[in-house]
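Following: one structure in structure tokens, then a few remarks.
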Amino acid sequence: MTRTPIEETAPTASTVTRREVLASSGQLLVGAALVSGSTASAQTVASVVSSQLPAALPGRDYSPVIVPNGVKLPWKLVGGVKVFHLIAEEVEHEFAPGLRASCWGYNGRVHGPVIEAVEGDQVRIYVTNKLPAPTTVHWHGLLLPNGMDGVGGLTQKAILPGETFQYEFTLRQTGTCMYHSHHDEMTQMALGMTGLFVIHPRKPRGPKVDRDFVLMLHEWRIDPDTRRPDPNEMVDFNLLTMNAKAFPATAPLVVKKGERVRVRIGNLSAMDHHPIHLHGYQFKVTETDGGEIPAQAQWPETTVLVSVGATRTIEFVADAPGDWAFHCHMTHHVMNQMGHGIPNMIGVDPGALDERVRKLLPGYMTMGQNGMGDMAEMGMRVPANSLPMVGGRGKHDYITMGGMFTILKVRDRLASYDDPGWYENPPGSLATLARATDLARDGIDVGGDRQG
Ligand SMILES: [Cu+2]
């Protein structure tokens, strides 16, 4: 379940012929001529001309990113141009076992497959609309000609159902960008029509990164026992996801000790910014969607706020083995569907109420007097097609978080990057019940409570 599928149809280096390189250069020169009109600055022209480069290849020119729970969009090389094909369509998506919904996405995925390319590449992206409604695709954060920007009505006609549009531009930047529908935005993004667009530098810069993960954040309103995300919701989201999965369905980020880790995080939620917190580490914020942050300006953090419509990239060296929580710090964002908008029962003593109600409603039980934590564990029945309010079973106990939560798993040794299971805490490094002898030695009075 946690295996990371990677679709890569990269051609081998030998398939790039001199003819293709020359053809590519020729097209780029045409591109440069087109932008050298009155509105293009000399700088723009210079950067386009300087980007006449053959298509860069994975493994040789860059290390591909890892997409937990996701895939990458396949491409092929035609005349030196990287050709992609996005298909906007209805997608039956599973957020976690127990909850499926009818979403809108791309190429059978929610969110769409990650587009991965390299600075200087020329890309041609076909977009076929198999939805019942018009759509467009906006390339969010990319520097490109205005008519390629994908804003319905403003920069192009909408792509009608059944039509295929063609976008083409040269990548003149590096970093983590996104793509999303820019037609009936509220509906189409709420239904899932977003994706990440990663652009590697032409020449690797800075310390070599060993594990380069991408995560797209999103929020949804899906009422229990319904199958359609509600795009009209503007406040009360009940499903929070990383790469469109809610914990416990989020795949862990598996890393070997000592490896340098990068996590690129994008947020195209409707209304909420997400402060993403990593346990056990200090990381540096190395990029925004505006590009690289110079090393001397990078800021140490343990929580990075990823606002709506933005990406943030963090890096750290994984020097501390363990199972480290990595999650949104908004507490309602680590809950699943059933944990929101219910009456406040904290501290309520139901007295004989349960017994009396059970005469009318067999099996009734007043719940929530001590919070939500114990509710998940008791395995209460939930409505059809819904998730319980909180997480899943961990190594030591129940994990009382769900939603926008995953685990960074750092190990001394790894046979593969598949889920290595739970961390074995070395002796003496696990919080446990305090010993009576230690309490006595340190003069800690716990009142009448018994302690083992
Ligand atoms: Cu959040």
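Every number here is computed from the coordinates shown, using simple stated rules; none is lab data. This one's a predicted model, so the numbers in the text were calculated from it and none came from an experiment. Backbone-built Cβ (ideal geometry, glycine too); neighbour counts: all protein chains shown.
Observations, loosely collected:
- Inter-centroid distance (Cα atoms) of region 59-78 relative to region 241-298, Å: 19 Å
- Region 114-222: C-alpha gyration tensor shape, a/c 1.5 cut-off, then a/b vs b/c: oblate
- Only the Cβ atoms of Lys and Arg (+1) and of Asp and Glu (-1) were treated as charged; on that basis the dipole of region 66-190 about its Cα centre amounts to roughly 240 debye.
- Look at where the Cα atoms of region 148-175 and of region 384-452 average out, and the two centres are 48 Å apart.
- Modelled FRET efficiency - R0 45 Å, LYS130 with ARG260, Cβ distances, 0.05 increments: 0.65
- Note on GLU163/ALA352: beta-carbon distance plugged into 1/(1 + (r/R0)^6) with R0 of 45 Å gives a FRET efficiency of 0.10.
- Proximal lysines relative to LYS82, as straight alpha-carbon distance under 19 Å, when same-chain residues fewer than 8 apart are discounted: LYS72, LYS203
- Under a 5 Å amide H cut-off, with hydrogens placed 1.01 Å from N, ASP212 pairs with ILE66, ARG262 among residues at least 5 apart or on other chains.
- Pairs of Lys residues in region 211-452 are counted when their Cα atoms are under 23 angstrom apart and they lie 8 or more places apart or on different chains; the count is 10.
- Of every Cα-Cα pair in region 211-452, the percent that sits beyond 23 Å: 60 percent
- Close amide H contacts of ARG221 (hydrogens built in the peptide plane, cut-off under 5 Å, sequence separation of 5 or more or a different chain): ASP230, ASN238.
- Ranking ASN385, GLY266, GLN337 by how far each Cα lies toward the positive end of the dipole of region 211-452 (charges on Cβ) leaves ASN385 at the top.
- In terms of the mean number of neighbouring beta-carbon atoms within 10 Å, the peptides 163-174, 299-310, 105-116, 131-142 order highest first as 105-116, 131-142, 163-174, 299-310.
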